[in-house]
1. In the chain, if the dipole is taken from +1 on Lys/Arg beta carbons and -1 on Asp/Glu beta carbons about the Cα centre, which of 95, 72, 141 is farthest to the positive end?
2. Note the direction-averaged projected area, equal to a quarter of the hull surface, for the Cα convex hull of region 1-123, in nm².
3. Please give the length that would be gained between residue 73 and residue 112 if that part of the chain were fully extended, namely 0.36 nm times their separation in residues minus their C-alpha to C-alpha distance (nm, one decimal).
4. Once you charge only the Cβ atoms, +1 for Lys and Arg and -1 for Asp and Glu, what is the size of the charge dipole of the chain about its Cα centre, to the nearest 20 debye?
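Each reported figure results from applying straightforward, stated rules to the coordinates on display, with no laboratory input. These numbers were taken from a predicted model, which means no experiment stands behind them. With ideal geometry, Cβ positions are generated from the backbone for all residues, glycine too; neighbour counts draw on all protein chains shown.
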Amino acid sequence: MLHLAGPKVAIIPPQGADWWLLAGDETALPALGRFVETYGGTVPMHVFALVDGPQEEQSDLAGVRWVHRRPGVSDATVLAEAVESGAPRGGEGWMWIAGEASIVKELRAVSKRLGIAKPMLDASGYWRSPESDRPMARLRLLREQAVETLEARRRGTT
């Protein structure tokens, strides 16, 4: 018997969320596309993607709110402002965020302001910008990652 399978789904969203909020920079585009392709139409999705400008938008990702970088404003601030102003209000949401570490950190703060419960947040810092690579920031990130790993193990999601 031969069994063929597609790409592994690394994240299985929790059931019961009234809506999903997905956000990230261009490094998160493959995952954002996978969510839209796999789960589109099953739950209201609010998808935000940070890119350089209109030329970077991908027409095959339906329903994505494209957020463009602004000169002199940090990527974290630009995406956080868009997410916070465009996020749904009411009901219980699930939030998935990924991208550069400082963006993820800022979006974590947004998740708190939106009232997203910790078990309903999945955050991954895919990479670190050289501008944000300071020793203390690195130690804090390592601590946060260790805590996330322990919490995920307790929930049985690793």
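1. With unit charges placed on the Cβ atoms, the residue in question is 141.
2. Working: hull surface 35.4 nm².
For region 1-123, the mean projected area of the Cα convex hull comes to 8.8 nm².
3. Values: separation 39, 0.36 × 39 = 14.04 nm, distance 2.21 nm.
Computed gain between residue 73 and residue 112 is 11.8 nm.
4. Values: 19 positive and 20 negative charges, 152 e Å.
It comes to approximately 720 debye.
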